[in-house]
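Note sheet for the following structure.
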Amino acid sequence: MSTINPFGKELVVVERELCGKPLKLEVNRVGFRTSASVLVTYGETVVLGTAMVGREPASNMDYFPLSVDYEEKMYAAGKISGSRFIKREGRPSDEAILIGRIIDRPIRPLFPKGYRQQVQVVSSVLSMDPNFRPDMVAMIAASTALSLTGTPFDGPIAGLRVTQINGEFKAFATPEELKTNDLDLVVAGKEQAITMVEAGANEVSEETIVEALAWAHKAMQPAIEAQKELVEKIAPEKLEYELILPDEAVQKTVDGWVEGKFGTNLHSPYPERNELINNLRNSFHEDMEAEHGEDYPDLHREYDEAFTRALHEDVRKHIVDSQTRPDGRKLDEIRQLSSEVGVLPRTHGSSIFTRGMTQGLNVVTLAPLSYAQIVDTMEVSDGERRYMHHYNAPGYTVGEVKRLMSAGRREIGHGYLAERAVSAVLPSEEDFPYAIRSVTEIMSQNGSTSMAATCSSVLALLDAGVPLKRPVSGIAMGLMMDGDKPYVLSDIADAEDFAGDMDFKVTGTEKGVTALQMDMKVHGLPVEILAEALAKGKVGRAKILEHMIETIAEPREKLSPYAPRIEKIVINPEKIGAIIGKGGEMINKITSETGAEIDIKDSGLITVAAVDGESIEKALEWIKALTVEPEVGTIYEGTVVTIKDFGAFVNIMPGIDGMVHISQIADHRVEKVEDELKEGQKVKVKLNAIDDKGRLSLSIKDAK
């Protein structure tokens, strides 16, 4: 391969060993018109990372217009989409959206406040080694591309997905290893600190998670070193930019106006505090408008941002100086809790969970396993999601007018976090053969709605009679840093979230953690501070769990009368064909004549669902007749199907014949078989033996 690209630029390659495999970063090979592009190769996985930076700042926006996307390409895995009608990649799958969020969250805080250039980062998987997930390679690609643009990105970062196998931590585990072990932990970090954490776990201890964080941060360093070396070789030109921040004179005016009006004057429970702030904000704008006259409409947003900044600083000041929170709570105090179950008469399970002003209504629906969601992505072919958690939060939940739209990245992410929180305690398909859909309708938001979704879903699942192994609770923790001193807050509300340095959500049972999500707003934190947040989060979620158990401690003994009835039977997988029949003829006949719905798994698990027990019993009897295995010593009523000189063949169950030797027809000597038996004759036979070839030896005389 040539070391010079078509435009005369030399290819630049940097390599390192990362977790036992070579990691290669290549620049100037593709993407000639991007702000920066890089090909990242790890094993047989190849990811293209591209970054584009807008020429002019988006001064009309009051937020950083950064978009981070992860693109699945089916061809990367040698696949064509399993959808019958859509073969081209279109809207990203939920899995791709979630990975995009994982890459976005450690990157976004590393830009300076007030940066308004439009930045777009895309990680596209071009080739995928099926032995590990490509998401962390995509994160490295995104970070590398950004680092080469010359933007004020305080990177680079890297990430690892970690599990624990036989007591040892491992990155880039196989999909099978991730499924069969207790920990699935994603850690992103810079050279000196961790910037993002996300995990699903099977009741893992906080101590194990802390150990995994430290291991992962050390193990990712070669990927960070490779990026830094590449940046040194490319030496990208630093781009000029202007931070859109409130004018110092404007901020000084605002600080002077609010002096003596914030602090203890606003320390009231929600929603009283919100009302006080709104009234104060309105008075502020009235005074500023009186001062500036007709020019004020053009200045309104700048003054409003300065007012908000002053409010956030006031929140931080009182937490650091007096450990007093905006609503008067202590640092470890949880807002008032209330909950109830069985609130909707026709649903299969329902609950309302309220914590302060945050409230979630949850509804659970049960259905046969055939209603599980088929997952068709680059990584998974014909996989299924038996448990689905969906999260909705319309504009009215924050007191705003917003168009109703389909679920966005935030809604998908919050729903997935609550789904992971509960997945570890779900019963097996064999014990509870249902597909389960849990929907959280947020009624009101004031911080930590994903944890309200977790708690409300657990209550509704128990109300629906789902036999969870143990109940799960969740809590959102916050952090304020004063120099090197951390102040950890339990059960944060919006005001503390907006003003704080970390948003940390943890769910679990009395035995351990089931899900975890940490987002930093500072440029990374050491493991020791995260360990303190985990320890205090354990205490907080235990208090919430205690409240939940007071509402409902065990699953209902009986399902809702409106839920489908489902019975199960396990058969020899080799008998599945007998139930399906030629071209599906047999199973269609069973369902049409009984009215039952039948779902068959490759393992031999069969579930039968219907609105009434009689239909289920008819279908089960039919299935048993088609699949029952012959047992030695059992007497059957059979039909003579064939007569030979040496004996007769008798059918004892559908598709199964055995031979009655002439010596086993009667107690006396039989000269001719035809003297005793005729084809079509009903006879009782005893199964005396089954030889190593599966042939059945029957006896009429022993059945008398």
Test: residue in region 394-403 that is buried (at least 19 other Cβ atoms within 10 Å of the Cβ) and either farther than 22 Å from Ile492 by Cβ or of a type outside the set (Asp, Glu) (or both): yes
Criterion (within 17 Å of the chain's Cα centre (by Cα), surrounded by fewer than 24 Cβ atoms within 10 Å (Cβ to Cβ) and outside any loop (DSSP other than H, G, I, E, B)) met by exactly one of Ala96, Ala201: Ala96
Region 546-563 - residue that is in a helix (DSSP H, G or I) and of a type outside the set (D, E, K, R) and, of those, surrounded by the fewest Cβ atoms within 10 Å (Cβ to Cβ): Ile549
Extreme residue, nearest to Pro654 (Cα to Cα), among residues of region 617-637 that are in contact with a helix residue (DSSP H, G or I) (Cβ under 7 Å, 6 or more places away or on another chain) and either hydroxyl-bearing (Ser, Thr, Tyr) or free of Cβ contacts under 8 Å to residues at least 40 places away in the same chain (or both): Thr627
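Part of a strand (DSSP E or B) and surrounded by 23 or more Cβ atoms within 10 Å (Cβ to Cβ): which single residue out of Val122, Val186 fits that description?
Unique residue meeting the criteria: Val186.
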Enumerated strands (runs of 3 or more DSSP E) restricted to region 589-704, each holding at least 2 residues that are within 30 Å of Glu567 (Cα to Cα), within 38 Å of the chain's Cα centre (by Cα) and of a type in the set (Asp, Glu): 597-600
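Kindly indicate which of Val210, Val162 is assigned to a strand (DSSP E or B) and either within 22 Å of the chain's Cα centre (by Cα) or crowded, with 21+ Cβ neighbours inside 10 Å (or both).
Values: Val210 fails: assigned to a strand (DSSP E or B).
When all the criteria are applied, what remains is Val162.
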Sole exception among (1) in contact with a strand residue (DSSP E or B) (Cβ under 7 Å, 6 or more places away or on another chain); (2) surrounded by 14 or more Cβ atoms within 10 Å (Cβ to Cβ) for Val670, by number: (1)
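Run down Glu302, Glu340 and say which single residue is modelled with pLDDT of 90 or more and among the charged types (D, E, K, R). Show your work before the answer.
Details: Glu302 fails: modelled with pLDDT of 90 or more.
After applying the criteria, what remains is Glu340.
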Residue identified as of a type in the set (D, E, K, R), crowded, with 16+ Cβ neighbours inside 10 Å and either over 30 Å from Met481 (Cα atoms) or in contact with a His (Cβ under 9 Å, 6 or more places away or on another chain) (or both) among Glu411, Glu302, Glu340: Glu411
Filtered residue count, region 348-367, keeping only those that are outside any strand (DSSP E or B) and more than 28 Å from Glu95 (Cβ to Cβ): 2
Subset of region 252-268 that is assigned to a helix (DSSP H, G or I) and more than 42 Å from the chain's Cα centre (by Cα) - its residue that is surrounded by the most Cβ atoms within 10 Å (Cβ to Cβ): Val254
Subset of region 232-245 (residues that are in contact (Cβ under 8 Å) with a residue 24 or more places away in the chain and either in a loop (DSSP other than H, G, I, E, B) or buried (at least 17 other Cβ atoms within 10 Å of the Cβ) (or both)): Ile234, Pro236, Glu237, Lys238, Leu239, Tyr241, Glu242, Leu243, Ile244, Leu245
Single residue of region 368-386 satisfying the filter (surrounded by fewer than 18 Cβ atoms within 10 Å (Cβ to Cβ) and not in a loop (DSSP other than H, G, I, E, B)) that is farthest from the chain's Cα centre (by Cα): Ser370
Index of the failed condition, Val513 passing every other in (1) closer than 27 Å to Gly114 by Cα; (2) touching a Lys or Arg at 6+ places or on another chain (Cβ under 9 Å): (1)
Test: residue in region 270-277 that is charged (D, E, K, R), closer than 28 Å to Gln445 by Cα and surrounded by 17 or more Cβ atoms within 10 Å (Cβ to Cβ): yes
Candidate set: region 43-66, residues that are under 24 Å from Arg105 (Cβ atoms) and touching an Asp or Glu at 6+ places or on another chain (Cβ under 8 Å); chosen: the one surrounded by the fewest Cβ atoms within 10 Å (Cβ to Cβ): Asp62
Residue list for region 564-582, filter: touching a residue at least 40 places away in the same chain (Cβ under 8 Å), outside any helix (DSSP H, G or I) and over 18 Å from Leu369 (Cα atoms): Asn572
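The values are calculated or read from the model by the stated rules, or taken from the named source; none is laboratory data. Bear in mind the structure is a predicted one, so any value in this text is a computation, not a measurement. Please note: Cβ atoms are built from the backbone with ideal geometry, for glycine as well, and neighbour counts cover all protein chains shown.
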